[in-house]
Structure formats: structure tokens, C-alpha cells
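The values are calculated or read from the model by the stated rules, or taken from the named source; none is laboratory data. Everything quoted here is computed from the prediction, not taken from an experiment. Positions of Cβ are backbone-derived with ideal geometry, glycine not excepted, and every protein chain shown enters the neighbour counts. These accessible areas exclude ligands, DNA and RNA; they are computed on the full protein's heavy atoms, side chains included. Shrake-Rupley method; radii C 1.70, N 1.55, O 1.52, S 1.80 Å.
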Amino acid sequence: MIHAHMAGVVLDDTRNRQHEPTTTLTRAEAKRIAAPLRKGISHLPREEYLERLSARLRAFAASQDVDLPTPDTRSAFWSYRLENHPNLDLESGEELYSINLAASYTEAQNSIVEDTLRYLEGTPGGKALEELHLWDPKVRAALKLNRETGLSVAYETWGVLSKEYAATTENEALFFMAELNPGAVAYQTEAPQLRQDGKLDLVTFMYPPPMEKYADLAPETQELLASDAVRAQVHTFWYDEASSKYTPLTKAGHLDLEHLKSLPTPEAQRAAVLEVCARVAAMDGPARAGDVERYIEEIKDLRPDHEVVLPSASDLAWAAEGREQPQHTVSTHGVYLPGVEVNAKVAAQPSTPSEAAPQAVAGMHFLPGVTLKPAPAPTTPAPTAPVQAPPAPEQAQAAGMGE
């Protein structure tokens, strides 16, 4: 049992994971993995082959088990890497991949209360998909895919599993990232699924927000941008519409910090942030129509002469096509603004802080904003320790892109 120094234990385990040698497949092993995926379609023209292969992998991912092990299990999500943290004893210039932190933190939590937390690569479905080694160059070669196409197919396949993982999340969603990056699965797949299912208020960011980016903004704006609800909707990264990872959601959720800093009042800055949230809510679809209306109403109060610009009809059509049918049941968790509860029968009222849940073990918190919620005794055996996951696309291709 870990009683104290959780940070040190988790960091040490994270470093150990990061320094473990990467499993190297032989060409023969890669061919064995590729053979059943290519069976019956290898003779097809290239475009049809790619289409059939992608469909086969999507179907495989969709069939995997990512169900909650207990009704009270929380879910970890991760993206990119951790480069600094005021409450962690990181070495100068040290970068830790968030997948390793999420895995280490999950296992440390579960060593205290079994099945209290999960992460995608540790689920049965995540382990099954890992066995295909889709990020491995030898597997790409065995599948007759070049690097760009192979990474795209792997990214898409893992995106299917990630979306279902998010859809099965019913409790706190711990985001191991400083902010959403538009090139990551967390932005394009997982966060939208949570929002569409009415679970925006389940999101808790485990890393501090990048306050250095917000230094020239009004204090009220900095506080708004540091809220979990806003962080789960917007991004501040430059993007290229020619990139293979660009989508209309990338554009809708972009907050231009230079423009924001040019606005003269805290009210105008707040309105600009809420306008981005309104665009994202519109892209999320009918489940968030009420949020769009409420954002617009507040923006009009803040800036009566400002015209709110929402996504175009073509962008909304793209978003509608991407949403899974039928829709998952929308929960009652939704909170559309930080610090505000929306009641359909009365005006919005300031929310009262909920009573903090007791910690499982004193002294075990090392990341801000997280209150551990002990799960009841599990009814199923604990899963075996997850194996080291292959790098996700945001790890493999994001050199220099810090989160």
C-alpha cells in the first residue's frame, strides 16, 4: 500500500516505463500480424485495398471491450508529454510522456482501491489493439503502407477505440495534459464524445494550465481560461488547414490569443472566449443546442453590438456526419459554464462547491484538482498490469509540441 510520497512513487515508475526498451518486432512477427488483416483483400487495387483494410481495422477496434470494470471506476485520458509542473520534482529539462504518467498513476491508485481508475491502453480492448503494433514500421511495411498512410490508419483505428472508451466513461475523467492540442485524439475524439454525452463537468485536468500564455490578459480572463470547462473545449495552437490532422473542429475551437489580448475590457475578452465555446458546442450537435443559446445570450449582454459567428453549414454538416448514430444516451452531468449551474426553469445561479470526497489515503495527492473517490469493493478480479503501450501519433510525430 502506498501511504505517502505518491508523487515520488509515480514519477519513479513513470521514468522506469519511459526507459524500458521498446519491443522490437521481427519481420516474421510483423508478417504474422499483417496476414489476417490482408487476407482476401491483398489482391485488390490500392485504393480499394486501403478502404477495406481501414474498415476491417475500424470494425476490430469497435468490437473490443472498453467497458467500465465497476460502475464507480474513473477514466484517465492522456496527450503528449509533461514538461513542467509546479508541484512535481522534475529534473531540469525533463519530459515525461503522459501515457506513462497516466499508467503509473492509474496503477498506484488501483493498488490502494482496486479498479478505482483505468486508462485506455490498460483495458482489454486497448491491450488487444496494442497486439497489432500498428505504429511499428515493420507492421506498416507488412501491410504495404507507406509511413504517412500507415500512421493515418493507426491513428484512425485507435480513434475508434478512444471514442468508445470516452462514451463508456461515467465518472471523473482525468486529463493528463496541460491543454487540448488539435492534433491529438483527446481533442478530435475523446473530449467531443464526453461533451456530446453531457459529461463536460466530469473533466479534470491533471496538469496546470499554460498561464505563461495568458500573462497579458485580464485576471478574470486568465481565471476563465484556467477552468476545466473552457480547457475541455478550446485550443490556442496554430494550425495548418493542409495538415492531415486538420478538421473543421480544429478551426471552430481555435482561440486567437493575440486577438484576445487586443480586446480592451475583461467583458470583451470573456465574450471572445465564450464565442469559441459556442462554436465548439454547435459542432457538438443537438445535445448541446441549449449551451449554444446560453453562450450567445451572455455574449450579447457582454457585447451588445457584436455579431456572433458560428460554424458554417458545411462545417456543421461535417460534424453531423462524424457523430455516431444512434447517439449515446445523454447524461445529466452537463455544466455549460464554469461556476454556473443551468436550471431550465429559472435563471442561471452561481453553483455551490460540492463537498469534497474523502481521500482514499492521506498524502496521496500529487496532481492538483483531484479528489480521490474510493470505489466499492470490486466484484471482478483486477486486470493484470498493462504492458508498455506503443507510441501514439501525438508521441510519434509531435517533437517540439509541448503539452
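Take the residues in region 39-60 that are open to solvent by less than 50 Å² (accessible area, probe 1.4 Å) and touching a residue at least 40 places away in the same chain (Cβ under 8 Å), then tell me which one is farthest from residue 151 (Cα to Cα). Only one residue fits best here, namely 49.
Scanning region 179-188 for residues that are open to solvent by 20 Å² or more (accessible area, probe 1.4 Å) and either touching a strand residue (DSSP E or B) at 6+ places or on another chain (Cβ under 9 Å) or under 16 Å from residue 121 (Cα atoms) (or both) yields no hits at all. Out of the residues in region 86-134 meeting the condition of being acidic (Asp, Glu) and in contact with a Ser or Thr (Cβ under 9 Å, 6 or more places away or on another chain), tell me which one is most open to solvent (accessible area, probe 1.4 Å). That would be 114. Within region 135-148, the residues that satisfy the criterion of being touching a Leu at 6+ places or on another chain (Cβ under 7 Å) and either under 28 Å from residue 109 (Cβ atoms) or open to solvent by 20 Å² or more (accessible area, probe 1.4 Å) (or both) are 136, 138.
Among the residues of region 238-263, those identified as touching a residue at least 60 places away in the same chain (Cβ under 8 Å) and out of contact with any Gly (no Cβ under 6 Å at 6 or more places or on another chain) are 243, 244, 246, 247, 248, 249, 250, 251, 252, 253, 254.
Whenever a residue of region 128-147 is aliphatic (A, V, I, L, M), its partners that are at pLDDT 95 or above and not in a helix (DSSP H, G or I), lying with C-beta atoms within less than 6 angstrom and at least six residues away or across chains, give the pairs 128/64; 139/133. The residues listed here are 73, 22, 14; of these, the one that is in contact (Cβ under 8 Å) with a residue 24 or more places away in the chain and surrounded by fewer than 14 Cβ atoms within 10 Å (Cβ to Cβ) is 22. Among the residues of region 158-178, is any surrounded by fewer than 19 Cβ atoms within 10 Å (Cβ to Cβ) and in a helix (DSSP H, G or I)? Yes.
Of the residues in region 294-305, at least one is among the acidic types (Asp, Glu), open to solvent by 40 Å² or more (accessible area, probe 1.4 Å), at pLDDT below 95 and more than 22 Å from residue 191 (Cα to Cα). In region 275-310, of all residues being part of a loop (DSSP other than H, G, I, E, B) and over 22 Å from the mean Cα position of the chain (by Cα), the one that is nearest to residue 250 (Cα to Cα) corresponds to 310. Going by what's in this entry, would residue 63 be described as hydroxyl-bearing (Ser, Thr, Tyr) and either open to solvent by less than 60 Å² (accessible area, probe 1.4 Å) or over 24 Å from residue 126 (Cβ atoms) (or both)? In short, no.
The condition of being within 28 Å of residue 219 (Cα to Cα), free of Cβ contacts under 8 Å to residues at least 24 places away in the same chain and open to solvent by less than 50 Å² (accessible area, probe 1.4 Å) does not hold for residue 274.
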